[in-house]
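Computed from the coordinates by the stated procedures, all read-outs in this text should not be read as laboratory data. Predicted model, so just to flag it, every value in this text is computed and none were measured. As a convention, Cβ positions derive from the backbone with ideal geometry for all residues, glycine included, and neighbour counts pool all protein chains shown.
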Amino acid sequence: MIKNEKQYRISKKKLKELNEHIDRTTKETDKNPLRNQLILASLSSSKNEIENDILLYESLKKNKQGLLKERLIAELPSIITEYKIVSGLTQKEFAEMLGIKEQQLQRYESESFKGVTFRNLLKFLDVIGLEIKIKETRMTRSHGRLSNKKRRVTH
């Protein structure tokens, strides 16, 4: 996932380079055709992944409604970053809003918020107005404990 404008610019540049490499490889008909097919498959896969990331980032930037769709709680890190993008905030502005340093936000984003404390996570969610609800669902026993397989985040 592209998390900021710098990554967006780098991704656009990388996409251009991949397209040029694909063009060069396609024109190399005198070399080993099997080798070229493997290279093209790899390049195409990378190209598709970067294109999808770019499309997601651009659609988030264009999201004027400010709505984030319902998701599983496991996707919470993406939702926090998406909020920043949809809101049009820079990392510096978002960090200030959250009451942390920009470098700390960069670390959190690069680690998908795995290092954030639960207390800080709740604070961040409160600041951005993200509400978490556990939907009513049947609880089942698993290995002697109750388990619930589907927890969703709604905004």
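Overview of values
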quantity: Net dipole in debye of the chain [+1 Lys, Arg Cβ; -1 Asp, Glu Cβ; about Cα centre; nearest 20]; calculated: 600
quantity: Excluding exposed DSSP-loop GluC sites (Glu not before Pro) (at most 14 other C-beta within 10 Å), longest clean stretch of the chain; calculated: 29-69
quantity: Farthest toward positive dipole pole in the chain [+1 Lys/Arg, -1 Asp/Glu at C-beta], among Met1, Ser78, Asn19; calculated: Ser78
quantity: Loop-located trypsin sites (Lys or Arg not before Pro) in region 16-118, at most 14 other Cβ atoms within 10 Å (DSSP); calculated: Lys31, Lys64, Lys69, Lys101, Lys114
quantity: Net charge dipole size for region 5-62 [Lys, Arg +1 and Asp, Glu -1 on Cβ; Debye, nearest 20]; calculated: 200
quantity: Listed candidates [x] 22, 19, 15; [y] 25, 16, 13; [z] 37, 23, 14 - label of the one calculated as semi-axes √(5λ) of the Cα gyration tensor in Å; calculated: [z]
